[in-house]
Structure formats: C-alpha cells, structure tokens
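Encoded as structure tokens, the structure appears first; notes follow it.
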Amino acid sequence: MPCFLRGAVRARSATYPVSHSRPLEERAGIALFTLVLIIGLAQPLAAHEFKAGDIEIVHPWSRQTPDGAKVAAGYVTLKNEGSEPDRLISATGEIAGKTEVHEMSIDGNGVMTMRPVEGGVEIPAGATVELKPGGLHVMFMDLSRGVKEGETFRGTLTFEKAGAVDVEFDVQAMGSGGGHDGHGG
C-alpha cells in the first residue's frame with residue numbers, strides 16, 4: 001500500500017474505529033434483558049426457605065395480630081429430604097415469652113381443642129409435614145408486641161437430628177392462609 005494511503009487509513013481508523021458494536025438502544029436492551037435474567041435466576045436464592053440438615057423449611061409465616069393480642073400462631077412446611085425420620089422438638093419466637101408446638105383438633109361433637117404436642121412432630125423420611133391453620137402450628141404466647149402485615153420476626157426451629165435453625169416468619173394479612181386457627185389471628 002502506498003505510504004500516503006497508509007496514513008489516510010490510520011487517520012480514518014482513529015476517527016471512525018472499525019467496530020462490531022451495536023447501537024446504544026440495542027446495547028441498552030441487551031443490558032436490561034441480562035439484568036432481568038440475573039434477577040430471575042437469583043429468585044430461588046431469595047426465596048423464603050431455610051435448611052437444617054436434611055430438613056428443608058419452607059415459608060415460615062404468621063398472621064397479623066389484632067391490637068392487644070397475647071397470642072399468635074406460626075405456620076411452616078417441613079420437608080425431610082433424608083433417609084431417616086427427624087422430629088421438630090421445639091420452637092422460639094422473638095415476639096413471644098413462651099413458644100410451643102400445638103395441635104388443634106375438633107372432636108365428633110364439633111368441640112375444638114388446642115394442646116401442646118408431646119414429644120414433638122415427626123417428619124418421616126422423604127415426607128412433607130405442614131404446620132397450617134386448623135392443625136399443627138407453632139403457638140407464640142405472652143407476646144411482647146403485636147405484628148403487622150408485611151413485617152417479619154425471627155424465630156428458631158429445633159429438630160432432634162438436624163439441630164437448631166434460625167428462621168424468619170413473614171407476617172401476612174389476618175385472613176390469609178385459609179381456615180381459622182382459633183388464635184384470634
């Protein structure tokens with residue numbers, strides 16, 4: 001290439017670099033798509049789940065308490081992914097002076113009874129146990145404060161084999177979760 005052309009090519013390259021870059025709008029679209037993809041993939045990481053040994057603790061929650069309430073109930077799904085049974089033996093909640101695992105039942109006459117579960121709640125190997133309104137649940141008593149929808153509070157679930165795991169209870173609206181738990185919430 002003649003000398004004078006090499007200089008012109010160099011000057012043109014410096015002024016208008018040869019690039020395979022995309023227009024600004026297209027790059028912004030790609031960046032936005034990438035951000036949405038990253039957030040979407042990270043969602044399971046931000047899910048409201050906890051793990052203790054072979055026990056997966058899914059979505060601990062409670063209901064908003066009415067003003068002046070002295071009790072609240074907590075609910076959670078427990079999945080045993082192991083080959084041995086385990087047992088939920090106790091629970092705590094930062095909002096409560098006392099916490100127990102309870103069972104609600106209705107006898108043949110339609111009378112509801114509420115009582116602590118003696119010996120804890122068994123979670124068979126490979127099984128899922130739900131603590132839900134109208135059945136097994138965590139009972140928070142002697143509340144130090146009420147809780148409102150959208151708040152969270154800390155607690156601990158202790159298992160016979162998996163040990164203790166700190167969890168966070170999401171507080172939902174009073175009518176959420178279906179059923180009536182008999183605890184004013």
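Summarising the amide proton neighbourhood of Gly82: residues at separation of 5 or more, or on other chains, whose placed amide H is nearer than 5 Å comprise Gly126. Of interest is the spacing of the C-alpha centroids, which for the stretch 102-125 and the stretch 63-82 amounts to 15 Å.
Close amide H contacts of Gly93 (hydrogens built in the peptide plane, cut-off under 5 Å, sequence separation of 5 or more or a different chain): Thr156.
Each residue of the stretch 53-69 was assigned a 3J(HN,Hα) from its phi angle through the Karplus expression (A = 6.51, B = -1.76, C = 1.60, θ = phi - 60°), giving x, 8, 9, 9, 10, 10, 6, x, 8, 9, 9, 4, 9, x, 3, x, 4 Hz with x at Gly and Pro.
Summing charges over all other residues whose Cβ lies under 11 Å from the Cβ of Thr156, with Lys and Arg as +1 and Asp and Glu as -1, gives -2. A straight Cα-to-Cα reach below 19 Å connects Lys161 with the lysines Lys51, Lys79, residues fewer than 8 places away in its own chain not being considered.
For the stretch 64-161, a simple Cβ point-charge model (Lys and Arg +1, Asp and Glu -1, everything else neutral) yields a dipole of about 220 debye relative to the Cα centre. Near Lys70, which lysines are there with a Cα under 21 Å away, not counting those fewer than 8 places off in the same chain? Excluding near neighbours in sequence, the set is Lys98, Lys132, Lys148.
Measuring nothing but how far apart in sequence close Cα pairs (under 8 Å, 6+ apart) lie, relative to its length, the stretch 49-172 scores a relative contact order of 36 percent. Near Phe159, the amide H atoms lying under 5 Å from its own belong to Ile89, Ala164, Val165; only residues 5 or more places off or on other chains count, and H is placed 1.01 Å from N.
Taken together, the values in this text are just the output of simple stated rules run on the coordinates, not laboratory data. Quick caveat, the model's predicted, so the values are computed rather than measured. We place every Cβ from the backbone using ideal geometry, glycine too, and count neighbours over all the protein chains shown.
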